[in-house]
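Quick notes on the structure that follows.
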Amino acid sequence: MESAICWLGEATDPGPLGGKAANLDRLTRLGFPVPPGFCLTTAGYRRYIDAHRLGDRVTALAAALPDESARQELASLTRAYPLPPDLGAALGEAVRALTSTAHSGTLLAVRSSAVGEDAAAASFAGQHESVLGVRADGVADAVTTCWASLWSPRAVAYRLRHRLGFATAAMAVVVQGMISADASAVVFTRDPVSGRDDRILINATWGLGEAIVSGAVTPDTIILDKANLQVLGVAPATAMGTLYQATAQALANAAHNATLAQQQMYVTAQAATTMGVALLYAVDTGATGAATRKILG
């Protein structure tokens with residue numbers, strides 16, 4: 001069996017990792033503080049399909065989409081059978097190795113990473129499932145939840161709307177140590193509404209970034225001029241105080257240790273990830289201006 005486990009930072013071919021894991025692997029290799037973890041690659045998903053002889057059925061059902069009964073059966077097939085013994089053993093060994101590390105803690109984040117995700121033409125942002133706060137004995141079940149989300153109503157509709165097809169649809173899964181984040185953010189290196197590439201738009205919220213990408217909260221929004229990092233606008237989500245006001249010191253501390261490669265990555269990376277770090281948001285034209293320019297400029 002093709003190796004189905006790839007540790008973040010060690011990939012030689014990003015293709016089987018899916019979009020999210022490939023970008024996390026790249027961030028890890030550039031030295032970012034990515035939580036430790038591994039990817040159960042698309043080889044694991046295909047191993048499950050092949051072991052239970054589901055290939056022909058999946059192909060036939062995918063051809064029938066957007067028929068709702070076909071979609072439901074596709075989702076249920078990915079949870080209907082146990083993991084093949086060899087795949088289950090490889091996953092279990094990787095989970096034990098991860099949870100034995102000093103920095104991973106006891107809770108894990110199990111995150112979907114579909115082929116074609118976080119690409120230039122289609123982001124799939126918020127379309128697939130992630131399962132947070134998972135204990136070691138719950139990882140296998142969380143993996144199949146992520147697999148099933150390949151066939152969720154919104155993911156199927158997204159593929160149809162963008163004419164992406166289903167022939168190459170496959171799901172990898174990232175397993176990482178959970179970060180107890182005080183705050184998180186998603187950074188767009190161009191305005192996602194107007195398409196303007198001279199602006200940076202930041203959505204930030206307290207707690208985990210999952211709340212932003214799932215639409216569970218209305219985040220604070222900060223708009224910057226990309227050329228000089230001047231703040232063009234701030235739209236706080238509530239009147240209770242914003243991340244813009246609260247995290248200047250965290251930004252400055254993180255910027256102090258940023259390497260040139262890391263600084264450039266903030267401008268060029270297309271994927272945002274819930275790493276639980278405070279250096280992606282809260283900018284100011286005063287005390288934190290220099291720190292902000294060090295990271296983003």
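Restricting the trypsin sites (Lys or Arg not before Pro) of segment 1-55 to loop positions (DSSP other than H, G, I, E, B) with no more than 12 neighbouring Cβ atoms within 10 Å leaves 53.
Each residue, residue 182 and residue 136, gets one label point 7 Å from its Cα in the Cβ direction; the gap between the two is 3.1 nm. Rounded to the nearest angstrom and listed largest first, the equivalent-ellipsoid semi-axes of segment 5-177 from its Cα gyration tensor are 26, 19, 13. As a rough footprinting exposure proxy, the listed residues 128, 162 were ranked by other beta carbons within 10 Å of their own, and the order from fewest upward is 162, 128. As an exercise, use a Förster radius of 22 Å and the Cβ-Cβ distance of residue 107 and residue 79 to find the FRET efficiency, rounded to the nearest 0.05. It comes out at approximately 0.50. Each residue in 223, 202, 179 was given a count of other beta-carbon atoms within 10 angstrom of its own, and listing them fewest first yields 223, 179, 202.
Calculated FRET efficiency, residue 235 to residue 57, Cβ-Cβ distance, R0 = 41 Å: about 0.30 to the nearest 0.05. Taking the fewest neighbouring Cβ atoms within 10 Å as the starting point, the ordered list for 81, 45 is 81, 45. Among 17, 174, 153, whose Cα lies farthest out toward the positive end of the dipole of segment 5-177, if unit charges sit on the beta carbon of Lys, Arg (+1) and Asp, Glu (-1)? The residue sitting most towards the positive pole is 153. Loop-resident chymotrypsin sites (Phe, Trp or Tyr not before Pro) (DSSP state other than H, G, I, E or B) in segment 155-220 with no more than 16 further Cβ atoms inside 10 Å of their Cβ are absent.
Read the figures in this text as sums done on the coordinates, not as results from a lab. Computed from a predicted model, the values in this text were never measured in an experiment. Neighbour counts are summed over all protein chains in view; Cβ atoms, including those assigned to glycine, are modelled from backbone coordinates with ideal geometry.
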